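The values are calculated or read from the model by the stated rules, or taken from the named source; none is laboratory data. Keep in mind that what you see is a predicted model, and the values were worked out from it rather than measured. All Cβ positions, glycine included, derive from the backbone under ideal geometry; neighbour counts span all protein chains shown.
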């Protein structure tokens, strides 16, 4: 799924580019949008009895991004194991490759212990991620 | 002008609400959107020979805002003096008043010294602020 | 009380100066240090049965601050009313006045309703704020 | 080298723990401290004719970190290749392992093109990183 990000002043640093740590904010915004698009917000993950804390994050930086750039974050579901999953991200600005990365998440049950991911949950996420909806301001 | 903001995890703090300092990010995002809507980005302010550094900022907090809230920032042009101007902000979530505030900006010329704001610049901004365009994802 | 802040890259924006919204982080860091110095962390405010949510914030910007600057935030207790109080801040770098500001806080009891500030609490805070301890890395 | 970080409210998110993206801020703060300790700030890298933009970042999360925690970031010089280098980080709170990670940096010359890292620069950094100075508030 494509999630748009408009770069603001507060995202940049004194090199005149987006601060490297802020890409993890962009990743998070896009995976929240994906969950929301599934009708399953982080809030609603409760309904599945699953929490998805980040256990590992990675980012590889390409072309620099600047103030006012309209970036697109393409978020997809990566490797799914029994009790963990990965989201993959590719950030572009037009044809420029800005950054790629991934986050790995543990699947935790209501009791705070690892649990298997519900197959239906993964299916819903994956099929949503494959779509590219026309996104309005309330995306 | 109305600028939408979707609250992400990274905007919240451990009280479960938007961190108080992040409202200044929301203010900035909305005034950048206003300038952009005028076809006058911060970048293009050069064309007017004007920079607008913030010299004072104020925020009054109302109802708390939460993760995934879709906030609306209404940004308008406040008091304009010879060599400074104010932007006013009102943030709402549906009928809830979340925050109000303002930022005051000095008008600085290319030589780094105070200068009078061009009347046309102020007119363009003010009339743009009065409108509420339908905003797409690239707002 | 004086609280030191070392400016990092992530605090700056593309103008090469500290982003205006980050001063509210610096304010918060200093008032947390003050509470800690009183042996009363935000956590421990529970012991007094008081929460202090920010209801208003103000910042006036002076000289710009830059990457690697070692700033000093002087935090003091401002006006105390029945059920609210103010913290005042003055940020300097050597003899340069960088910013001044204040935050106003409601005093909220365990039931979520306004309550009177315990006189002893205010006295402890005020006398701590008046001191300038030698601060080590664990300040 | 050990660099202390005090967690503030603004670092946390609504899960009551440090937001995952902020660890990249902590990494940056520690490597800036290391360069400073060598008498070679990012500013002074000019003297060496070297810029070190981040090209890749990685973080693995362990125990969660909370408001007011005093974290220690142990930053060391990792693999050095001809025209790039890595910094490695291990964040602890007492005996708790909070996070580990690394950042890889390209070495760029004044003309914006890759260049070999000066051997002396690498030697100075590496020996500084191996030390654990007593750090004052101006660390």
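So that you can scan it fast, the table gives a plain yes or no per residue for (1) crowded, with 22+ Cβ neighbours inside 10 Å; (2) closer than 17 Å to residue A:99 by Cβ; (3) in contact with a helix residue (DSSP H, G or I) (Cβ under 7 Å, 6 or more places away or on another chain):
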{"residue": "A:45", "(1), (2), (3)": "no, no, no"}
{"residue": "A:57", "(1), (2), (3)": "yes, yes, yes"}
{"residue": "A:66", "(1), (2), (3)": "no, yes, no"}
{"residue": "A:86", "(1), (2), (3)": "no, yes, no"}
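Please determine, by comparing only the residues of the range D:30-42 that are part of a helix (DSSP H, G or I) and in contact with a helix residue (DSSP H, G or I) (Cβ under 8 Å, 6 or more places away or on another chain), which one is nearest to the other protein chains (Cβ to nearest Cβ). Show your work before the answer.
Applying the first criterion (part of a helix (DSSP H, G or I)) to the range D:30-42 yields D:30-37.
From the residues that got through so far, the ones that are in contact with a helix residue (DSSP H, G or I) (Cβ under 8 Å, 6 or more places away or on another chain) too are D:32, D:34-35, D:37.
Details: D:32: 6, D:34: 13, D:35: 9, D:37: 12 Å.
Per the criteria, the residue is D:32.
Residues in the range B:93-138 that are farther than 24 Å from residue B:45 by Cβ, surrounded by 11 or more Cβ atoms within 10 Å (Cβ to Cβ), at pLDDT 85 or above and within 14 Å of chain A (Cβ to nearest Cβ): how many?
1
Quick check on the range D:45-64. Is at least one of its residues in a loop (DSSP other than H, G, I, E, B), modelled with pLDDT of 90 or more and at the interface with another protein chain (Cβ under 7 Å from one of its Cβ atoms)? Working first, answer last.
Step one: of the range D:45-64, the residues in a loop (DSSP other than H, G, I, E, B) are D:49-50, D:52-53, D:62-64.
Pick out the ones that are also modelled with pLDDT of 90 or more and you get D:52-53, D:62-64.
Of the ones still in play, those that are also at the interface with another protein chain (Cβ under 7 Å from one of its Cβ atoms) are none.
No, the range D:45-64 contains no residue that is in a loop (DSSP other than H, G, I, E, B), modelled with pLDDT of 90 or more and at the interface with another protein chain (Cβ under 7 Å from one of its Cβ atoms).
Report whether or not residue B:105 is part of a strand (DSSP E or B) and either out of contact with any helix residue (DSSP H, G or I) (no Cβ under 6 Å at 6 or more places or on another chain) or in contact (Cβ under 8 Å) with a residue 40 or more places away in the chain (or both). Give the steps one after another, and end with the answer.
Values: part of a strand (DSSP E or B): yes; either out of contact with any helix residue (DSSP H, G or I) (no Cβ under 6 Å at 6 or more places or on another chain) or in contact (Cβ under 8 Å) with a residue 40 or more places away in the chain (or both): yes.
Answer is yes for this residue.
If you scan the range B:5-29, which residues turn out to be more than 12 Å from chain C (Cβ to nearest Cβ), in contact with a strand residue (DSSP E or B) (Cβ under 8 Å, 6 or more places away or on another chain) and either assigned to a loop (DSSP other than H, G, I, E, B) or within 25 Å of residue B:108 (Cβ to Cβ) (or both)?
Result: B:7, single match.
Is the range B:68-83 home to any residue that is in a helix (DSSP H, G or I), free of Cβ contacts under 8 Å to residues at least 24 places away in the same chain and either touching a strand residue (DSSP E or B) at 6+ places or on another chain (Cβ under 8 Å) or within 30 Å of residue A:35 (Cα to Cα) (or both)?
So the first thing to find is which residues in the range B:68-83 are in a helix (DSSP H, G or I), and the list is none.
Within the range B:68-83 (the criterion being in a helix (DSSP H, G or I), free of Cβ contacts under 8 Å to residues at least 24 places away in the same chain and either touching a strand residue (DSSP E or B) at 6+ places or on another chain (Cβ under 8 Å) or within 30 Å of residue A:35 (Cα to Cα) (or both)), the answer is no, since none of the residues qualifies.
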